[in-house]
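Inspection log for the structure reproduced underneath, given as structure tokens.
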Amino acid sequence: MLTLLPDEFHSNPSYVGSKKKWIFLVCQDKFILNRDYYLHDWVALDDKTAQSFKAFRDFKLCIGQYKGIDCEVWNLKNVEIQLDNFMLVDLREVLISCNALSFSAVCRSSQIVSWYKTNKFCGCCGKKNTISSTEHCFLCSHCNLTNYPKISPCIIVVVINEDKCLLARQPSWPKGMYSALAGFIEAGESAEEAIRREIIEEVGISVSDMHYFGSQSWPFPGQLMLGYIAYAKSNKLTINNQEISDANWFKYDQLPAGIPPSTIMSGKLIRYAVSKMAGKNES
Ligand SMILES: [Zn+2]
């Protein structure tokens, strides 16, 4: 018998058959949430409340269990929805504002919906896929190709040089907003090789002494952010303006006005790097 994580969200493609259910509602890649969702640890709607959206349902999938209770994601058709007590919230906004307990389930809901919508046909022979009854997997009965939700690993790095850290910005970001450098891991690369390549491509410096910090899902649509701290071998930056609009060294107590919130990997990593530098400086 399956043993579930007692206090957390447990990813699972199958139901355990709980009496109650929690429902995540996705509509046009946004989430339908209670107006005061950000005050709560857990953002899903109970199944009774979700019933008013049932007529708009396109498909539903089990995503796992929260404290032993089955969780489903419903993808709703692109229709006008009366939202009275609810609001339609952008995925990015949900991730920035929801509690850590809801984060994984929101990421999973979004990724599973995106995977389901984009894998109806086999990528090899073009025949219609069928979905497995036991796992989140599309199968082609013609050529046996399988399609699981695609996860794309990325590295995200704060580079440290003495009491300063390297942060960069993209042209589309709000004025004053800076974050850690990040990029996709190319086929065949290790995370550490990707870090060395990305940093030299984007700002022209070599790094060494890389330390893994932690990972976090980032469902745009299937990124897995692997957070690292690295140390610079030099401090002279040569900025590649095709990738970023600016990059600079910031002293740990003089960070730019806009850095990402502590709910997401970039924000966690910057605060961790700052605490490391501050600790070293005071000792
Ligand atoms: Zn096929």
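Of the residues S266, S97, S141, the one that moves most in a GNM of the chain with alpha-carbon contacts below 10 Å is S141.
The distance linking the stretch 163-190 with the stretch 192-239 is 8 Å (Cα centroid to Cα centroid, whole angstrom).
What list do you get for I199, I156, I205 if you sort them by fewest beta carbons within 10 Å? Don't jump to the answer; show the numbers that get you there.
Working: I199 22, I156 26, I205 19.
Sorted ascending by nearby Cβ count, the order is I205, I199, I156.
Applying a threshold of 29 Å to the alpha-carbon distances of K67/K280; K77/K268; K67/K276; K175/K236 flags K67/K280; K77/K268; K67/K276 as lying beyond it.
Listed by chain and number, the aspartates and glutamates whose alpha-carbon sits under 17 Å from that of K60, ignoring those within fewer than 8 places in the same chain, are D29, D46, D47, D70, E72, E135. In the chain, the ratio of gyration radius to Kirkwood radius, Rg to Rh, stands at 1.02 when only Cα atoms are counted. The phi torsions of the stretch 50-63, fed into the Karplus equation with coefficients 6.51, -1.76 and 1.60 and a -60° offset, translate into couplings of 5, 4, 5, 9, 4, 5, 9, 6, 8, 8, 9, 9, 6, 10 Hz, rounded to whole numbers, with Gly and Pro shown as x. Contact order for the chain, expressed relative to its length and based on alpha carbon pairs under 8 Å spaced 6+ residues apart, stands at 16 percent.
Among 238-250, 102-114, how do they line up by average Cβ neighbours within 10 Å per residue, starting with the highest?
Details: 238-250: 14.3, 102-114: 23.0.
Most protected by this proxy first, the peptides run 102-114, 238-250.
Contact order for the stretch 9-118, expressed relative to its length and based on alpha carbon pairs under 8 Å spaced 6+ residues apart, stands at 38 percent.
Every read-out reported here was derived from the displayed coordinates using simple, explicitly stated rules and does not represent laboratory data. Bear in mind that the values here come from a model prediction, so they are computed numbers and not experimental data. All Cβ positions, glycine included, derive from the backbone under ideal geometry; neighbour counts span all protein chains shown.
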